[in-house]
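Right, one structure below, let's go through it.
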Amino acid sequence: MTLTGKLREGAAAVLTVGGDEELTPELVARVKAAAEEAESAESGVVLLLLGTGAEPGGGADRDDQAGGTESGERVGAAGSGAPASASPVGTGPVGVGPVGTGIHLVNTWERALRRLETADRPTLALVTGECTGPALEALLTADHRIADDGVRLRLAGGEDGAWPSTAVHRLAQQIGTARARRLLLRRPWLDAKEAAGLDLLDETVAGTREALERAAEVAEELSAVPGREWSIRRRLLFDATLSYEEALGAHLAACDRSLRRRTLNGPS
């Protein structure tokens, strides 16, 4: 069995989003299906395979089957074409097109993403190749993010600027308003080192096969987290922007739950 196959086999749910894939009802349905699987799982991680290398026949598949590439070799790149926007197919550049149909699709996408983001099980993203549009938005929902050192990331957008989805909110929360502003203003392509420096990636690994191996190690580690314990702690992170008084109740409830679990299970 390939490394990718082993990763998939032990996962609570798997979602693959191509690096230049557009926002479609079919993609939203795939996200919803992954969220449903994650909600019913008691173990494993939610695995997000993102980027042009994650597509069938992409860099991850080729490298996995071929037995690896030299350290640092870039695989799965989309080429020199312009990145796809995150707007619905058929509506043209972001912010242009039939508003009624388009915004309904965007709304269902946002709700599906949030459902995935708040799933009980930890989410692990593996990024290969180029990653923009919906793939990058999915990346921002992941708890832990691993990439090979050949990846490139870019916010989706059009002539009117960066696509104003909740990715903007997540960026501000995760990397700070000032750094998010620079990304939104210029929409630069970020290489692996730059993305890691902005905390958009947690780990970068030299080579796609090596990234797969590292993802398998992290998946095994995160799979040991019992039940929905991580989701409770993630919720506390989400609530960190609340005032101390507003957040206190949720923190006390989580502490009480942890204490009762220790009493029930006895000393470790």
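The values are calculated or read from the model by the stated rules, or taken from the named source; none is laboratory data. Not measured: the values here are computed from a predicted model. Here Cβ is always computed from backbone atoms with ideal geometry, including for glycine, and neighbour counts include all displayed protein chains. Note: accessible area is taken over every heavy atom of the protein model, side chains too, but ligands, DNA and RNA are not part of it. Shrake-Rupley method; radii C 1.70, N 1.55, O 1.52, S 1.80 Å.
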Exercise. What number of residues within segment 23-34 are under 16 Å from the mean Cα position of the chain (by Cα) and part of a helix (DSSP H, G or I)?
Worked result: 7
Problem set entry | Residue, most open to solvent (accessible area, probe 1.4 Å), within segment 210-234, restricted to residues that are charged (D, E, K, R) and within 18 Å of residue 41 (Cβ to Cβ) | 220
Problem set entry | segment 3-22: number of residues that are of a type in the set (Ser, Thr, Tyr) and part of a helix (DSSP H, G or I) | 1
For this session: Identify the residue in segment 183-209 that is modelled with pLDDT under 95 and either of a type in the set (D, E, K, R) or in a strand (DSSP E or B) (or both) and, among all such residues, is least open to solvent (accessible area, probe 1.4 Å).
Result: 187
Exercise. Within segment 105-113, is even one residue under 20 Å from residue 163 (Cα atoms), open to solvent by 10 Å² or more (accessible area, probe 1.4 Å), of a type in the set (Lys, Arg) and modelled with pLDDT of 80 or more?
Worked result: yes
Problem set entry | Selection count, segment 149-182, where residues are modelled with pLDDT of 95 or more, in a strand (DSSP E or B) and open to solvent by less than 20 Å² (accessible area, probe 1.4 Å) | 1
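Yes/no matrix, rows are residues, columns are (1) touching a helix residue (DSSP H, G or I) at 6+ places or on another chain (Cβ under 6 Å); (2) touching a residue at least 40 places away in the same chain (Cβ under 8 Å):
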{"site": "188", "(1), (2)": "no, no"}
{"site": "194", "(1), (2)": "no, no"}
{"site": "199", "(1), (2)": "yes, no"}
{"site": "208", "(1), (2)": "yes, yes"}
{"site": "224", "(1), (2)": "no, no"}
{"site": "240", "(1), (2)": "no, no"}
{"site": "243", "(1), (2)": "no, no"}
{"site": "253", "(1), (2)": "no, no"}
{"site": "264", "(1), (2)": "no, no"}
Problem set entry | segment 132-148, subset within 21 Å of residue 218 (Cα to Cα) and assigned to a strand (DSSP E or B), residue farthest from the chain's Cα centre (by Cα) | 148
